[in-house]
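Notes to accompany the following structure.
The values are calculated or read from the model by the stated rules, or taken from the named source; none is laboratory data. What you are looking at is a predicted structure, and each value in this text was computed from that prediction instead of being measured. Here Cβ is always computed from backbone atoms with ideal geometry, including for glycine, and neighbour counts include all displayed protein chains. To get the accessible areas, we keep the full protein, side chains included, count just its heavy atoms, and leave off ligands, DNA and RNA. Shrake-Rupley method; radii C 1.70, N 1.55, O 1.52, S 1.80 Å.
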Amino acid sequence: MATAPKEAENAIGLEEIHMERQEPPKGQKTFTVEEAVETIGFGRFHIVLFLIMGSTGVAEAMEIMLIAVVSPLIRCEWQLQDWQVALVTTMVFFGYMVFSIVLGLLADRYGRWKILLLSFLWEAYFSLLTSFAPSYIWFVFLRAMAGGGVAGHAQGLIIKTEFLPTKYRGYMLPLTQVFWVAGSLLIIGLASVVNPTIGWRWLIRIASIPGILLILVFKFIPESARYNISTGNVKAAVATLQRIAKINRAVMPEGVLKEPAKERRGRFKDLIHPKYLRTTLQIWIIWLGIAFAYYGVILASTELLKRDLVCGSTAPVMQDSSNDSDESRTPCHCCLFGPTTYQTMIISTVGEIALNPLNILCINFLGRRLSLCLTMGCTALFFLLLNICTSGSGTIGFLFMLHALVSANFNTIYIYTAEVYPTTMRALGMGTSGSLCRVGAMVAPFISQVLMSASFIGALCLFASVCIVCAISAFTLPIETKGRALQV
C-alpha cells in the first residue's frame, strides 16, 4: 500500500514530461534555444553574468598563484628540498586533474550551476583547512583537495558560453582573462604585505574570502537554458529565457520552444566517437602543452631572475650568502621574496593582458585555429630567446611577452573547446581537457624548478619544442568554430 502514492507521483511526473514534449499544434511557430539566444541578443543580463562568472577567475587565480608566493616560506619552515617544493604544485594539479573529469561528467548530467556551487564550497573548505596544516604532508594533501575544488570553476565559463550570442563569444570570453590577472595581482600584492608581517597562514585565509563572497551571489545566475532543454526540462528553459529577455528589455521569438531532449549525456565514449576523435586528441595535446608552457613560465620566472644573464657570465646568483637589502636570507639558507621580486612578478603578470586586444582581433578575424597556431609559435620563439645573454631588463621584457602569449593561448583554447562540442558533452569535453591540462601543469614544476637548475638551455628548449608541437596541432584541427552556432 505504501507504494501507491509513489506510483501516483511517478505517473503524474511522467504525464508532465509527456505534456512538455508534446508536438505543438500543426502550423504553430516554434523556435530553438539557439534562436532565442540570438533574438534576445546581448544586454544587461550578460553584463551581470560576465561580472559574476568572470569573477570566478579571480578566485581561481588566487588559489593557483598562492603556491608561487607561499613556496619560499614553507621551504624555510619545513626545510624542504627543490623536489619537495615542486611536489606541492604538482599535487595541486593532480587534484585538479582527477576532479576535472568527475565534475565535468556530473555537470553534463546534473547541471552546470550545481557543480559550480559545489566546487566553490569544496575549495573554500579545504583552502581554509590548509592554513592550519601542521606539517608538510598535511599541507600537500590539503592543497591537492583544494585543487580539486578549483577544477569545477570551468563550469562558470561554460555557463557564459551557453548564454552568449554567437557574435559576442569571440569578444567577451577573452576578456575573462582580465579577472585572472586581477586575481594574480591581488594575491601578489597581498603576499608582499601579509607574508613578512603575519605570515603565510593568514595569507591563505585572506585569499579564501573572494571565493566565499562569490558563493553568495551565485543565486542571481540561472542554470543554463541549453542544459535544461537537453534534459527535456522545457518549462525551466523557457522561464530562464523569458527572464533574460525581461532583463535585457528584449522580446522572445514567437511560438513554442521545441527541441528534442537528449537521453544520452556526458558519456566519455562520445568524445572518442569517430566524429570527434581527431578533434579530441588534438585538443588534449594542445591543452597539455599550453598548461606546461603557462605554468612553466610562472614557476621559472623566479629562477630566471635569480640568474646573472649578463653576457659572459654563467654563474648563478642563488648561492650568494652576502647581505642583500632586497632579499632576506634565513639561517636555513632560504631566499625569501623581497620588494623587487614582487614588483617583477607584478610587471610580468600585467603582461598577461598586454596582447588581449590583439588576441581578440585574431580570434574573430583569423579564426580560432590560425590564431592559436600563431601565438603558440611565438611562445616557442620567446622561450628560445631567453637563451640569449641579456640584461635583467631584457629578461623581464622576454618574460613579459611570454606571459602575454601563454595567456593568449589559454584564451583561444578555452573558447574553441567550449564551442566545438555539443551541449550534451560540453562540460565533459572541458573537464577531460582540463584534466590533460593539469598533466602538463604537474610536469612543469620539475622542469622549471629542478631541470632548469641543472640545464638552463635544455629546459627552455623543451618548453619551445612542446609549443611547436601544439602550434602544428592547432593548425591541423579539423573544425573551425568561428561564427558557428553552438551545437545541441
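Overview of results
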{"item": "Relative contact order for the range 29-262, counting Cα pairs under 8 Å that sit 6 or more residues apart, in percent", "result": "38 percent"}
{"item": "Note, ³J(HN,Hα) from phi for the range 360-377, Karplus 6.51, -1.76, 1.60, rounded to Hz, x at Gly and Pro", "result": "4, 4, 4, 4, 8, 10, 8, x, 5, 5, 5, 4, 5, 4, 5, 5, 5, x"}
{"item": "Net length gained if the chain between SER135 and PHE268 were fully extended (0.36 nm per residue, minus Cα distance)", "result": "44.1 nm"}
{"item": "Phi to ³J(HN,Hα) by Karplus 6.51 cos²θ - 1.76 cosθ + 1.60 over the range 280-297, Hz, x for Gly, Pro", "result": "4, 4, 5, 4, 4, 4, 5, 4, 4, x, 5, 5, 4, 6, 5, 6, x, 5"}
{"item": "Per residue solvent-accessible surface (Å²) - the range 29-262, probe of 1.4 Å", "result": "38 Å²"}
{"item": "Segment ILE346-THR476, length gained on full extension (0.36 nm per residue, minus Cα span)", "result": "43.2 nm"}
{"item": "Cα-projected label distance for LEU281 with VAL450, points at 7 Å along beta-carbon direction, nm", "result": "3.0 nm"}
{"item": "Carbon/sulfur fraction of accessible area - the range 187-236, other protein chains in place, 1.4 Å, %", "result": "73 percent"}
{"item": "Listed residues GLU35, GLU480 arranged by accessible area, highest first, probe 1.4 Å", "result": "GLU35, GLU480"}
{"item": "Inter-probe distance in nm under a simple model that places probes 7 Å from Cα toward Cβ, at ARG205 and LYS246", "result": "4.3 nm"}
{"item": "Amide hydrogen neighbours beyond the local backbone of LEU336, cut-off 5 Å, H modeled", "result": "SER328, THR330"}
{"item": "Listed pairs LYS160/LYS219; LYS219/LYS482; LYS160/LYS246; LYS29/LYS275 exceeding 26 Å between Cα atoms", "result": "LYS219/LYS482; LYS29/LYS275"}
{"item": "Quarter of the Cα convex hull surface for the range 29-262, i.e. its orientation-mean projected area (nm²)", "result": "13.0 nm²"}
